[in-house]
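A short write-up of the structure that comes next.
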Amino acid sequence: MNVLTRTLALSALALALSFNANAAPSQAPAAASNVGIQQTSSYITTRDGVQLYYKDWGPRNGPVVTFSHGWPLSSDSWESQMLFLASQGYRVVAHDRRGHGRSSQPWDGNDMDHYADDLAAVIETLDLKDVTLVGFSTGGGEVARYIGRHGTSRVKKAVLVSAVPPLMLKTASNPGGLPIEVFDGLRKASIENRSQLYLDIASGPFYGFNRPGAKPSQGLIQSFWAQGMQGGHKNTYDSIAAFSATDFREDLKKFDVPTLVIHGDDDQVVPIDAAGRSSAKLIKGAQLIVYPGAPHGLTDTHKDRLNQDLLTFLRK
C-alpha cells in the first residue's frame, strides 16, 4: 500500500469513526421519544391494489359520519364540516376517491361501482357501524351506489348535498337531464387545458361567482384548482362519465334509512329540479331542504347553515 492509498484509507476510517461517534448520542433520544406512541396509517389498500388516503378525525367512540367528495376535489373540500362535527363529538371519516387527491391514480376502475366499493373498503377496514353517509355532488352518487350495492347494514342515515342522482344525462327516460354536449364540452376542455377548466369552473358557476353582484373569493378558487390538479388527468377525465351518465334511480329506491337531501335552487352545475327534487321523490320518506339562491358549492358558501342542518339531522 503506497503512501497516498494509506492516507486515504486512514482518512476514511477516521471520518467513519467520527460520524458514528457523533450519531450515537442523537439516536438514543430519538428512540426514547417514540416510547408509548402508536403510529397509524392514513392509507387503505383495496382488493385491486389501489391506495386510498383517508382522514379520521374526532373521538374514536363518537357517532360516525363519513364524507364523500365531489369532482374533481378531494376530502379537503369537507374540512369545514369535518372540523365542526368533530368538535361536537362525532367521529368523521373522509377519503380521497381513487384517482383524486392523495390516493392512487389507477388507469382503470374510474366508475361508480368502484367508487362505491372503495367507500365500502374504508367502512369495513375501519369497522365503522351505524354510519351516517354524507355525499356531495359526485360523492352523492357514490353514496347512492354504495347503498345500492352494499345495503344499509352499517348505515344509520344518509345525506345528499348538491348531489348528482338520480341521473344527470338527458335520455329518453330522463328528459329533464342535461344534453350530452354539456359533458362532451367538459371532456374537450379537460383534454385541451384542464388547469384552465378548473379555474373557469371555480371562478364561475361552481360558487355562483358569475352572478351579478357576487364577490369572488380567490381563496376558494385557488383551493378548488389545487385540489383538482392534484387528481390524475385520466381519472378526473373518466369521472365525468361516471358522474353524468350513471343511472342511480334504482339505487335510490333501495334507501331504507332516514335521508336528508340538501340542494341550492341556483345550482348551475347540478340543477335542483333534475337532481335534488327528483331524488327526494324517489327516496321513501326523504326530507328535502332547499337553500334559496345557493350555488352548487354550498358546502363553502353556505357552510354555517349546512353545518347546523347536518348537526340537527344527526341528533334526531
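Between segment 139-156 and segment 176-214, the alpha-carbon centres lie 28 Å apart. Do any of Lys234/Lys284; Lys55/Lys234; Lys156/Lys303; Lys157/Lys303; Lys157/Lys215; Lys55/Lys303 go past 30 Å between their Cα atoms, and which? As for pairs spanning more than 30 Å Cα to Cα, those are Lys234/Lys284; Lys157/Lys215. Length gained on full extension, Arg305 to Glu192, computed as 0.36 nm times the residue gap minus the Cα-Cα distance: 36.9 nm. Helix screen, the chain: DSSP H segments with Cα axial length of 27 Å or more and mean Kyte-Doolittle hydropathy at least -0.5 are 3-33.
Applying 1/(1 + (r/R0)^6) with R0 = 25 Å to the Cβ-Cβ distance of Gln287 and Glu250 gives a FRET efficiency near 0.70. In this simple spin-label approximation, Ser42 and Gln222 carry label points 7 Å from Cα along the Cα→Cβ vector, and these lie 2.1 nm apart. Counting every pair of alpha carbons in the chain, the share spaced more than 37 Å apart comes to 23 percent.
Once backbone amide H atoms are built at 1.01 Å from N, Leu288 has Val261 as its partners under 5 Å, excluding neighbours fewer than 5 places away on the same chain. Grab the DSSP H runs of the chain that are 4 residues or longer, score each as -39,500 (n - 2.57), total them, divide by all residues and round the 222 nm result to the nearest 500 deg cm²/dmol. Mean residue ellipticity, 222 nm, calculated: -14500 deg cm²/dmol. Among Ser87, Ser74, the ranking by other beta carbons within 10 Å of each residue's beta carbon, starting with the fewest, stands as Ser87, Ser74. Near Lys188, which aspartates and glutamates are there with a Cα under 16 Å away, not counting those fewer than 8 places off in the same chain? By straight Cα distance, Lys188 reaches Asp200, Asp238. Of the residues Glu250, Glu192, the one with the fewest other Cβ atoms within 10 Å heads the list, and the complete ranking is Glu192, Glu250. Over every Cα atom in segment 90-140, the radius of gyration and the widest Cα-Cα span, Dmax, amount to 11.4, 35 Å.
Taking 0.36 nm per residue of separation and subtracting the Cα-Cα distance, full extension of the segment from Arg149 to Leu83 would add 20.8 nm. Taking amide hydrogens as placed 1.01 Å from N in the peptide plane, the amide H of Gly231 sits under 5 Å from those of Gly101, each at least 5 positions away in sequence or on another chain. Taking 7 Å steps out from each Cα toward its Cβ at Ser173 and Trp107 produces label points 3.4 nm apart.
Among Trp225, Trp78, Trp107, Trp57, the order by Cβ neighbours within 10 angstrom, fewest to most, reads Trp107, Trp57, Trp225, Trp78. Straight-line reach from Lys170: which aspartates and glutamates fall under 15 Å, measuring Cα to Cα and dropping same-chain residues less than 8 apart? Reachable aspartates and glutamates: Glu181, Asp184, Asp247, Asp273.
Summing Lys and Arg as +1 and Asp and Glu as -1 over all other residues whose Cβ lies under 11 Å from the Cβ of Arg154 gives a net charge of -1.
We did not get these values from a lab; they are worked out from the coordinates using the rules stated. These numbers come from a predicted model, not from an experiment. Reconstructed Cβ throughout: ideal geometry from the backbone, glycine too, with neighbour counts over all protein chains shown.
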